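To keep things clear, I will list the structure first and then write my remarks on it.
Rule-based calculations on the coordinates, nothing more; no lab input. Just so you know, these numbers come straight off a predicted model, no measurement behind them. Methodologically, a virtual Cβ is constructed for each residue, glycine included, from the backbone with ideal geometry; neighbour enumeration extends over all protein chains shown.
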Amino acid sequence: MLTLPVTLADLWPADAVSSARPDDDAIDWLSPSRGWRERSSAVPLPFAGGLAVLCHEAAVAPAALQFLRECGLPATGPVVTFQDGPGARASVARLAVQGHRIGLTYAPRHPAAPGEAYVTELATFASLNDKAELAELLPAGAAPAREVVAPDRLAAALARRNGSLPLVLKAGSRLGTGAGRDVAICRTPADLDAARRKLALAERIVIEEHCDFATTWCLHYAAGDAGVTWCGATEQVSDPEGGYHGNWWAPGPGPGEAAVEVGRYAAIAGWVRGYRGFLGVDVGRTPDGRWLAFDLNFRVNGSTLQALVGDALVDAWGAGCTRLRYGIPFPGPFEEMLDRLLAFHRRRELLPVLVFDTPRLGLTGESDAPVCGVIAAGADRGAVAAVFDRMQEAGFACAD
């Protein structure tokens, strides 16, 4: 069994339950896919540390849990299952009545439980994750130059810039955000028009300097009662429009101490406000050498587990680097997907971190193929890329 340096059990009360599924009415800036919403509930399973996790039943059937444990993941805590969004909300309400605290990943529009039932006070949780509040949580000069405006003032604010491009527009929202769906990189007037349509329903809009980062990183921290703990860094894989496609990890210093201290400042700012849990600080280095933080996510991040498990994979497998990818579909039966993943795992090429039996949802309008999330390991990036090539040959739809 892989040993993790920090788990949710180190950060949350002993009676806490992880609730990572976003509510159906709170996905303004998240994926509209129901499949994604349901399987997101299972992301915290491997690092819950024995705390209960509220999961869709298609992620935690006995075969799925046994498979994750066989792959060395400590998915050993109790699970509370649901079948859909209303069922998840009803479970949260019931758990709160039973005296459990609820640990969220995404802020709700309409809370399912009284405010005192949540691990982090809801207004604090929403504020910390609001992109319009980012600069208030960082040292002076540690964020890209930015202006926050009401939607009806956006046109005037852009006019003052006399058509200067590129720039970045972001949604300021108290709801959850992710995977770049609340971000628009504008290089041309046509991009700007599309961005204004994309962000039309935002509560506030952030106009931000476009920075020419060579690489960007997610810096991981854990905030518990005793303080803030550094958990490592993962290099982001993003497309030119800011969409998220996974992460790279390698042993060593990562982006360096100056970047880590920028992130630590934000983590402590959240901690003193009462936040408890994992968080990620997205940073990039400018051509003149400055580290700037351009996003804060006070929640479990996509690459939280990758950062936590990296050193263990070095020790157990001799891995030189890893690549995380979620949402990889498989065209065959769920059980066959598990068998093929296990073969890769036994060759020390993959650590499966999530498996989801999508056909159990009865979806219409989107793929109903079983889906997995994996951490591929190898001596270097070329070796890791070859693992994904072999996954493709084995039937997984994982071409970049």
### Task
Mind pulling the angle between the C-alpha long axis of helix 381-393 and the longest principal axis of the chain? Nearest 10 degrees, somewhere in 0 to 90.
60
### Message
Just to be sure I understand the model, the point goes 7 Å from the Cα along the line to the Cβ. What's the resulting T188 to Q66 distance in nm?
### Response
5.5
### Task
Pick out, from G382, L338, Q392, the residue whose Cα sits farthest towards the positive end of the charge dipole of segment 318-393, with +1 on the Cβ of Lys and Arg and -1 on the Cβ of Asp and Glu.
G382
### Bridge type composition, the chain - antiparallel percent by DSSP, nearest 5
80
### Task
Would you calculate the separation in nanometres between label points at E121 and R273, each defined as 7 Å from the Cα along the Cα-to-beta-carbon direction?
1.1
### Message
Residues of segment 63-92 with backbone nitrogen within less than 14 Å of a virtual label 7 Å along the Cα-to-Cβ line of E366, please, listed as ranges.
### Response
84-85
### Computed lengthening from R109 to D152, 0.36 nm per intervening residue step minus Cα-Cα distance
13.2 nm
### Query
In percent, how large is the relative contact order of segment 318-393, given Cα pairs closer than 8 Å and 6 or more residues apart?
43
### Message
Less than 19 Å from a label point 7 Å out along the Cα-to-Cβ axis of D389: which backbone N atoms in segment 300-329 qualify, by residue?
### Response
320-325
### Task
Mind telling me which of Q306, Q83, Q98 comes out most flexible in a GNM of the chain, alpha-carbon contacts under 10 Å?
Q98
## Note on the structure
Treating only Lys and Arg (+1) and Asp and Glu (-1) as charged, each at its beta carbon, one finds that segment 1-128 has a dipole about its Cα centre, in Debye to the nearest 20, of 140
### Summary
Per-residue ellipticity at 222 nm attributable to helices in the chain (runs of n ≥ 4 DSSP H, -39500 (n - 2.57) apiece, nearest 500 deg cm²/dmol) works out to -8000 deg cm²/dmol
### Query
Given R₀ = 30 Å, FRET efficiency for D315-D339 by Cβ-Cβ distance, to 0.05?
0.65
### Task
Enumerate the amide H contacts of E203 below 5 Å, restricted to partners 5 or more residues apart or on another chain; note that Pro and chain-start residues carry no placed amide H.
G172
### Message
Please list 3J(HN,Hα) in residue order for segment 110-121, calculated via the Karplus relation 6.51 cos²θ - 1.76 cosθ + 1.60 where θ = phi - 60°; whole Hz, with x for glycine and proline.
### Response
10, x, 8, 9, x, x, 6, 7, 8, 4, 10, 3
### Message
Is there a quick way to get the dipole size of the chain? I mean about its Cα centre, with the Cβ of Lys and Arg at +1 and of Asp and Glu at -1; what is the value in debye to the nearest 20?
### Response
320
### Furthest towards positive pole of dipole, L68, A150, F356, structure part the chain, Cβ charges
A150
### Query
At V97 and A226, where each label point lies 7 Å from the Cα along Cα→Cβ, what is the point-to-point distance in nanometres?
3.7
### Query
By how many degrees, 0 to 90 and rounded to 10, does the Cα axis of helix 304-317 deviate from the longest principal axis of the chain?
50
### Task
Determine how many Å³ per residue the convex hull of the Cα atoms of the chain encloses.
136
### Query
Rounded, prolate or oblate: which fits segment 318-393, taking a ≥ b ≥ c as square roots of the Cα gyration tensor eigenvalues, rounded meaning a/c under 1.5, else prolate when a/b beats b/c?
prolate
## Note on the structure
Ordering 248-255, 85-92 by per-residue average of other C-beta atoms within 10 angstrom, highest first, gives 85-92, 248-255
#### Entry: Three principal axis lengths of segment 8-128 [C-alpha, angstrom, descending]
40, 32, 25
### Message
Which of the three applies to segment 96-206, rounded, prolate or oblate, going by the alpha-carbon gyration tensor with a ≥ b ≥ c and a/c under 1.5 meaning rounded?
### Response
prolate
### Message
Cut-off is 10 Å between beta-carbons; in what order do T322, T188, T76 appear when sorted fewest neighbours first?
### Response
T188, T76, T322
## Note on the structure
Plugging the Cβ-Cβ distance of A140 and H245 into 1/(1 + (r/R0)^6) at R0 = 45 Å yields, to the nearest 0.05, a FRET efficiency of 0.90
### Query
If you plug each phi of segment 162-172 into the Karplus form 6.51 cos²θ - 1.76 cosθ + 1.60 with θ = phi - 60°, what whole-Hz ³J(HN,Hα) values come out, in order, with x for Gly and Pro?
6, x, 5, 9, x, 8, 10, 10, 9, 7, x
